[in-house]
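The block underneath contains the structure these notes are about, expressed in structure tokens.
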Amino acid sequence: MKELLVLFMLSVCYMGFDQLQEGVVIYEQKVNMHRRITNPEMKAMIPEYNTSKMQLIFNASESLYKNFESEEEDVIEGGNGAMQFRMMRPKNEIYCNTAAAQKLEMREFMGKRYLIKGEITQTPWKVTGEMEQVAGYNCMKAMLTDTTAQGDLRNVIAWFTPDIPLSIGPGNFGSLPGMILKVDINEGETILTAVKIDGRSLKKNELEAPSKGKEITEEEFRVMVEEQMKQMGGSGNRMIIRN
């Protein structure tokens, strides 16, 4: 009965709307920086949340997800107000061609860029009948439990809108009958929320697959990062701490 209700609600949502096929979505990305820190003194120095913005540029068959700010830097105040953190965000990009079921990721690590080709695979989402409004759109809830590239288990909740019938979303999230406007990973560890949806004609060269970088496989990239992390004992993000 629940599956029939979901299908009915989807069919109703698809009727009578001037559905977007092209434009830009701005997402607010909120990361809980305290979640994996156990040292109380370290927590006192670092703010609990780091908030930044991302953008999803899309048309009927392609999408490009990348940093929103022209200046690729997050400035965040320390928890005690005495320190300021400047975090240089990697210029990562994810290009997807849903018509060809292909994707291309450009990842920046240690100042170098790498290109990783892959296929868009179907994600085993479980769609529920729950509804929530995000950025003025009625969205349906979908849930997923999977593992990251590092083998960590994660629980994902996504809210998608059939009013924009494109199977895309922020990051690598997609494969739902509508655009994903909100994602909650591990109950607040990372939350991505659409804050602005601009339906418009794209500018020339605004949506292009990344082309600069060394071609590498997903496994080769993972091994390279793990080896570098062992040597550094830290993060791939470049963080400058200033008093």
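The values are calculated or read from the model by the stated rules, or taken from the named source; none is laboratory data. Please read all numbers here as calculations on a predicted model, not as lab measurements. Because the Cβ atoms are built from the backbone with ideal geometry, glycine has one as well, and the counts that use them run over all protein chains shown. For the accessible areas, the whole protein counts, side chains as well, though only heavy atoms, and no ligand, DNA or RNA atoms are used. Shrake-Rupley method; radii C 1.70, N 1.55, O 1.52, S 1.80 Å.
Taking 0.36 nm per residue of sequence separation and removing the Cα-Cα distance, the ARG154/GLU69 pair yields an extension gain of 27.8 nm.
Beyond 21 Å in Cα-Cα separation lie the following of the pairs LYS30/LYS66; LYS112/LYS230; LYS30/LYS196; LYS66/LYS203; LYS43/LYS182; LYS91/LYS117: LYS43/LYS182. Surface composition of region 124-199: carbon plus sulfur atoms contribute 46% of the solvent-accessible area (1.4 Å probe, protein chains only, all chains present). Straightening the chain between ALA44 and MET110 buys 21.0 nm, computed as 0.36 nm per residue apart minus the Cα-Cα spacing.
When peptides 20-30, 99-109, 166-176 are sorted by average Cβ neighbour count within 10 Å, with the highest value leading, the order is 166-176, 20-30, 99-109. Note on LYS214 and GLN21: the extension gain reaches 66.3 nm, defined as 0.36 nm multiplied by sequence separation minus the Cα-Cα distance.
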